[in-house]
Amino acid sequence: MKYFISDLDHTLLNEQAKLSLETIRVIKSNQLPLMLCSARLPRQMDPFIQQLGLTGPQVALNGALVFEGIGGDRRIQAKHAISLSIYQQIKELMRKKFPDYPVTWMDEEKWYLPRLTVDLTPELQYCQADDYIIGMNQPLNDPLLLLIVIPDADQFKAVFTCLQQTAIPEIQVVNSGDGYLTITGQGVNKGLAPQYLLEHHLAAPKEIVAFGDDENDLPMFKRAGISVAVANAAPSVRMQADIVGDTNDNDGVARIMERLL
């Protein structure tokens, strides 16, 4: 039996950030074992978990959090945080070199923004009002993921290169698509999703099928038995996939799932 792992945005979800009726039908009618693996907060994954009737482990924040259940019934299975001292180093580096881009952060519950900027304001339209808090200067506890939103491609490349070259070995810097530069602890990435299934004997390596569209999905591809890119995926992701399916708007994930049953 295949065990499926799928990214959400631009992969399992269509471009309206919704599950199509066909995707819901394929997953529910076949009772497919599915792990969602996203850069989103757990609370932003809850509606899709509920729609699909999923009961197994799910992965949020690019691998930093593994959980089961939704809302008040959520149970944390694994958590990988970034220390406050590392956060301070990154914040100070950004303040000196790229002051226009604040370092925001997430824990298992919310997204924290020190201040609003012209780049951050549009992103809030994708959030519910209780998903985020504006005006906190620094985390009270170790954050799970740092997020810097940089829509301009040249500026994104400059910040990305700077952070990759910094002498902070405890971090992993990832392009999560849509101008999202995410930072997690070293070794914390979406590859922890298939690793969790293997360590908990939920699937054999060859049974794991991973779906994705962007560079942050590649660690997941490397640990899966079969990797699948949707047709709208980044070229580098399509090149490294075992299978390239249809686009997310054409139910690419659901079609491949049915083919592999």
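When LYS190 is tested against the conditions (1) over 20 Å from GLY179 (Cα atoms); (2) outside any helix (DSSP H, G or I); (3) of a type in the set (D, E, K, R), the lone failure is (1).
If the condition is being among the acidic types (Asp, Glu) and closer than 21 Å to ALA39 by Cα, then region 153-176 contributes only GLU170.
Checking each residue in region 125-183 for being surrounded by 13 or more Cβ atoms within 10 Å (Cβ to Cβ), of a type in the set (A, V, I, L, M) and in a strand (DSSP E or B) picks out ILE134, LEU145, LEU146, LEU147, ILE148, VAL149, ILE171, VAL173, VAL174, LEU181, ILE183.
Under 9 Å by Cβ, and 6 or more places apart or on different chains, what pairs join a residue from region 19-34 that is within 15 Å of LEU260 (Cα to Cα) with one that is outside any loop (DSSP other than H, G, I, E, B) and of a type in the set (Lys, Arg)? Listed pairs, sorted by first residue: VAL26/ARG255.
Filtered by the rule that a residue be surrounded by fewer than 24 Cβ atoms within 10 Å (Cβ to Cβ), touching a residue at least 40 places away in the same chain (Cβ under 8 Å) and either under 17 Å from ALA241 (Cβ atoms) or charged (D, E, K, R) (or both), region 190-207 gives GLY191, GLU207.
Bear in mind that the values in this text are calculations on the coordinates, not laboratory data. All values derive from a computational prediction rather than experimental measurement. Counting neighbours? That spans all protein chains shown, and the Cβs are built from the backbone with ideal geometry, glycine included.
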